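The values are calculated or read from the model by the stated rules, or taken from the named source; none is laboratory data. Here the structure is a predicted model, which means the values were calculated and not measured. All Cβ positions, glycine included, derive from the backbone under ideal geometry; neighbour counts span all protein chains shown.
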Amino acid sequence: MAEDWSGIAAEVEAALASIGDTSQPNGYPATLRRAGARTGGPDYAPEYGNPTYYQVIVMVSDKELRDASGTLIGMTKRTVTISGAAGVVPSDDDKIVLGSHLTFVDAATDEAVAWQEIQAVRELAPAGIAVLYECDIQA
């Protein structure tokens, strides 16, 4: 019998909403920002159209990094886990703001938001169905 990976992705979404942040009734909110299509400008100063914003529920984990000998190096890696059922595939071209619901972010407030760049995205996709994404961001 084949696994229902889309159903499992929905279960992951529900789990993230329940454990993402116990102080929030629907999990820990975040907003993903995808730049608009390039509309012109030179390569050194390209111009882009209006960005698109996506509401996601995330789980955040921090890991202190060590060198080869096991000594802490004073750097932290922050990983944000996003459900594959969120309806958006994050990329390293996107930016994210943690703890902010989509209703508080728009073109008018975009400049005032503390966006963090996504440095790397890893997809967990058994049988080709994305169940979750792990995104590394600046800590």
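Some observations on this one:
- Taken over the stretch 29-69, the criterion of being among the aromatic types (Phe, Trp, Tyr) and more than 17 Å from Lys95 (Cβ to Cβ) is satisfied by Tyr44 alone.
- One residue stands out in the stretch 107-139 among those that are out of contact with any strand residue (DSSP E or B) (no Cβ under 7 Å at 6 or more places or on another chain) and over 26 Å from Ala14 (Cα atoms): the one that is surrounded by the most Cβ atoms within 10 Å (Cβ to Cβ), namely Asp110.
- Restricting the stretch 100-139 to residues that are among the hydroxyl-bearing types (Ser, Thr, Tyr) and touching a residue at least 24 places away in the same chain (Cβ under 8 Å) leaves a set whose member that is nearest to Thr52 (Cα to Cα) is Ser100.
- Subset of the stretch 116-138 [modelled with pLDDT under 90 and out of contact with any Asp or Glu (no Cβ under 6 Å at 6 or more places or on another chain)]: Leu124, Ala125, Pro126, Ala127, Gly128, Ile129, Val131, Leu132, Gln138
- When the criteria are applied in full, Glu134 meets the requirement of being of a type in the set (Asp, Glu) and either in contact with a helix residue (DSSP H, G or I) (Cβ under 7 Å, 6 or more places away or on another chain) or farther than 19 Å from Gly36 by Cβ (or both).
- Going through (1) loosely packed, with under 14 Cβ neighbours inside 10 Å; (2) not in a strand (DSSP E or B) one by one, Val88 falls short only on (1).
- Picking from residues in the stretch 31-64 that are hydrophobic (A, V, I, L, M, F, W, C) and within 22 Å of the chain's Cα centre (by Cα), the one that is modelled with the highest pLDDT is Leu32.
- Selected residue (criterion: farthest from the chain's Cα centre (by Cα)) from residues of the stretch 72-93 that are within 14 Å of Glu134 (Cβ to Cβ) and not β-branched (Val, Ile, Thr): Lys77
- Residue in the stretch 62-75 that is in contact with a helix residue (DSSP H, G or I) (Cβ under 7 Å, 6 or more places away or on another chain) and surrounded by 10 or more Cβ atoms within 10 Å (Cβ to Cβ) present: no
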